[in-house]
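Here's the structure, in structure tokens; my notes come after.
Coordinate-derived values only; no laboratory data. Note that the structure is a prediction, hence the values are computed from the model and not measured. Cβ coordinates were reconstructed from backbone atoms using ideal geometry, including for glycine residues, and neighbour counts include every protein chain displayed.
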């Protein structure tokens with residue numbers, strides 16, 4: 001039985017309630033520290049000045065993450081910052097104002113065309129093999145005979161202009177689905193191949209063609225290419241997806257303008 005002087009008239013339910021309050025306060029402080037591992041320090045939207053992390057209670061202690069497949073280690077948080085030049089200008093001087101791309105909006109790397117700098121190594125499966133591969137390299141994969149085989153089909157852009165021909169299919173060997181179509185583009189210097197994300201491709205089986213609304217037929221020539229024709233890195237995936245994302249808004253001047 002508790003000493004009445006020490007207890008002060010508090011019953012067990014009140015002790016449990018106060019204990020819960022202390023636990024919840026500690027949990028909030030812990031979560032507020034942990035959520036500052038990435039994306040911090042904050043950058044002022046207008047001046048670009050980096051804000052401090054927030055002091056002892058609101059700054060996570062550095063933690064070392066060991067990457068698989070002998071990929072080394074990564075420490076978060078760290079002092080590394082994205083030093084890339086932003087190829088855009090503000091349309092107004094206040095925070096939150098839209099950015100207007102400078103130069104070719106398809107390659108500016110802003111808005112829907114923005115991308116993160118990721119590792120220049122391929123995404124690997126558990127046993128260390130590249131996760132994404134063309135069918136010519138993934139010999140144990142094949143297309144179901146009941147599904148349309150896009151290889152050999154003509155690829156056309158949003159303007160119905162012919163861009164090239166599907167030369168191969170890239171599969172995800174972990175998810176068992178198609179990630180990219182490989183498009184062979186004709187050119188004076190010889191054919192070159194670029195990737196088309198499968199979610200942006202509409203296969204028209206009866207017409208033996210692949211329709212792409214994200215970009216125009218002539219814009220396929222600027223799709224980022226791969227350093228290794230049979231392998232794609234995480235960084236290349238970002239850049240390829242960003243290019244098509246930029247096309248959704250910037251492929252034609254009319255897409256940038258408001259509907260009303």
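Separation of the stretch 175-219 and the stretch 54-113, taken as the distance between their Cα centroids, equals 30 angstrom.
Please check: in the Gaussian network model of the chain (C-alpha springs, under 10 Å), which one of 114, 201, 161 has the largest mean-square fluctuation. Among 114, 201, 161, the largest mean-square fluctuation in the Gaussian network model of the chain belongs to 161.
When 21, 58, 220 are arranged by Cβ crowding within 10 Å, least crowded first, meaning fewest neighbours, the order is 21, 58, 220.
Could you tell me which of rounded, prolate or oblate describes the stretch 167-215, using a ≥ b ≥ c as the square roots of the eigenvalues of the alpha-carbon gyration tensor, with rounded for a/c under 1.5 and, failing that, prolate when a/b is larger than b/c and oblate otherwise? If you can, show how the numbers build up before the last one.
Working: a/c = 2.05, a/b = 1.30, b/c = 1.58.
Oblate shape, in that a/c is at least 1.5 and b/c is the bigger or equal ratio.
Once you sort the root eigenvalues of the Cα gyration tensor of the stretch 163-260 as a ≥ b ≥ c, which label holds: rounded (a/c under 1.5), prolate (a/b larger than b/c) or oblate (the other case)? Rounded is the answer for the stretch 163-260, as its axis ratio a/c remains below 1.5.
Taking 17, 177, 124 in turn, the Gaussian network model of the chain (Cα-Cα springs below 10 Å) assigns the largest fluctuation to 17. When both bridge partners sit in the stretch 124-212, DSSP labels roughly 90% of those beta bridges antiparallel. For the chain, adding -39500 (n - 2.57) for each run of n ≥ 4 DSSP H residues and dividing by the number of residues yields -5500 deg cm²/dmol at 222 nm.
For the stretch 88-235, the calculated P(r), taken from all Cα-Cα distances in 10 Å bins from zero up to the bin holding the longest distance, is 10, 34, 33, 16, 6, 1 percent. Restricting the calculation to Cα atoms, every distinct pair contributes to the Kirkwood radius of the chain, found to be 22.8 Å. Springs between Cα atoms under 10 Å define the GNM used for the chain, and in it the highest mean-square fluctuation of 110, 166, 74 occurs at 74. Computed from Cα positions, the angle between helix 234-250 and the longest principal axis of the chain comes to roughly 70 degrees.
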